[in-house]
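Written out below as structure tokens is the structure these notes cover.
The values are calculated or read from the model by the stated rules, or taken from the named source; none is laboratory data. These numbers were taken from a predicted model, which means no experiment stands behind them. Because the Cβ atoms are built from the backbone with ideal geometry, glycine has one as well, and the counts that use them run over all protein chains shown.
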Amino acid sequence: MICLWLTLGLTLGLGLGLILAATPFIYYLIAIFSAWRYFRQPRPPINRSFTPPVSNLKPIRGLDLDAYDNLASFCRQDYPDYELLLCVDPSDDAVHSVIERLRRDFPERTRANRRDSGLRRGDCRAGRFQSHGSHQFHSDWPNRS
């Protein structure tokens with residue numbers, strides 16, 4: 001009788017252990033099958049003619065070594081209708097010469113907004129800036145103090 005209970009216990013224990021050990025493999029098989037089914041579906045075509053006007057809001061505080069080249073790269077993008085909106089602190093004199101050079105070199109792409117106080121996140125919102133683009137892109141915020 002003890003031998004029967006021992007055999008039954010080992011059989012159930014081994015069976016339960018094998019089921020628990022096989023569970024991750026079953027999960028992986030389901031995941032692989034689901035991924036295969038998802039990626040074999042045809043993708044919808046990309047509408048390359050959809051190019052809405054875009055306004056890139058760029059707050060500037062302080063200058064880096066290649067500030068002009070960095071900002072000019074925003075103006076040389078291969079996109080039909082966009083503008084670069086620069087939010088500048090009026091007390092930051094070093095920035096103004098670079099901004100004026102940008103406005104001279106790319107007059108159709110750049111506009112500057114001068115704020116009386118130090119730059120904060122809310123100072124460059126599209127509503128305060130009167131952007132012409134229907135889509136606004138906020139470039140990195142200044143983290144310098």
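For the range 15-27, filtering for residues that are within 35 Å of the chain's Cα centre (by Cα) and surrounded by 10 or more Cβ atoms within 10 Å (Cβ to Cβ) leaves 1.
Return yes or no: is CYS87 touching a residue at least 40 places away in the same chain (Cβ under 8 Å), hydrophobic (A, V, I, L, M, F, W, C) and surrounded by 15 or more Cβ atoms within 10 Å (Cβ to Cβ)? Before the answer, list the steps.
Working: touching a residue at least 40 places away in the same chain (Cβ under 8 Å): yes; hydrophobic (A, V, I, L, M, F, W, C): yes; surrounded by 15 or more Cβ atoms within 10 Å (Cβ to Cβ): yes.
It is true that CYS87 is touching a residue at least 40 places away in the same chain (Cβ under 8 Å), hydrophobic (A, V, I, L, M, F, W, C) and surrounded by 15 or more Cβ atoms within 10 Å (Cβ to Cβ).
Out of curiosity, is LEU119 closer than 30 Å to ARG48 by Cα, at pLDDT below 85 and in contact with a strand residue (DSSP E or B) (Cβ under 8 Å, 6 or more places away or on another chain)? So LEU119 does not fit the description; no. Among the residues of the range 42-63, those identified as surrounded by 10 or more Cβ atoms within 10 Å (Cβ to Cβ) and not aliphatic (A, V, I, L, M) are THR51, PRO52, PRO53, SER55, ASN56, LYS58, PRO59, ARG61, GLY62.
For the range 33-91, residues that are more than 18 Å from ARG101 (Cβ to Cβ), outside any loop (DSSP other than H, G, I, E, B) and charged (D, E, K, R) total 1. Residues considered: LEU4, LEU8, LEU12. Of these, the only one that is hydrophobic (A, V, I, L, M, F, W, C), loosely packed, with under 10 Cβ neighbours inside 10 Å and at pLDDT below 65 is LEU4.
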